[in-house]
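Just below is one structure, and these are the notes that go with it.
What follows draws every value from the coordinates through simple rules; no lab data is involved. All figures in this text were calculated on a predicted structure; none of them were measured in a lab. Positions of Cβ are generated from backbone atoms using ideal geometry, with glycine treated the same way; all protein chains shown enter the neighbour counts.
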Amino acid sequence: MARVKLDLPEELPFSSEVPIRISDINYGGHLGHDAILPLIHEARIKFLEHFGYSEMDIEGVVFLMADAVIIYKSQAYHGQILKIDIGVRDFTRSACDFIYRLSNNETGTEIALVKTGMVFWDYRAEKTARVPEGFKAKFSIG
């Protein structure tokens, strides 16, 4: 089986701490695969707020998740605090990728690497929208 790979930079511009709730635990007693997307969603909201945005207003448009890749590295358990580092890269006309590194806040053990492809959307026109220039400028390198 071919494995998906994600190469994340060492440093990402934002970190958030998110606790693992009992509802995030599966029957095996560890963090369930279905809990990863809600956890990164929580961190992404904090990320947007930190940079002056909300999910419903990114310079007049919103974004929708188009795809997700999750690479599991190790287990995590109820009561642990996840450190979720977040960055943005790979801009196109109307999309970008959010990248996330989830690690145990206490030990630094990497739990998962995640990428979500986000498409900017204009609900009034019911079509894709250009990536807002101010948003892109905050995260473009070089």
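Quick notes on this structure:
- For first residues located in region 108-137 and closer than 16 Å to Lys83 by Cα, partners that are among the polar types (S, T, N, Q) and lie 6+ apart or on another chain with Cβ distances below 8 Å form the pairs Thr109/Ser74; Thr109/Ser103; Glu110/Ser74; Glu110/Ser103; Ile111/Ser74; Ile111/Gln75; Ile111/Ser103; Ile111/Asn104.
- Thr128 vs. criteria over 23 Å from Asp7 (Cα atoms) and β-branched (Val, Ile, Thr): yes
- Checking His41 against (1) farther than 27 Å from Ile25 by Cβ; (2) free of Cβ contacts under 8 Å to residues at least 12 places away in the same chain, the condition it does not meet: (1)
- The conditions of being closer than 30 Å to Gly29 by Cβ and surrounded by fewer than 20 Cβ atoms within 10 Å (Cβ to Cβ) are not met by Thr116.
- Candidates are the residues of region 106-123 that are over 17 Å from the mean Cα position of the chain (by Cα) and among the charged types (D, E, K, R); the one that is farthest from Ser15 (Cα to Cα) is Asp122.
- Filtered residue count, region 119-137, keeping only those that are surrounded by 14 or more Cβ atoms within 10 Å (Cβ to Cβ) and among the hydroxyl-bearing types (Ser, Thr, Tyr): 1
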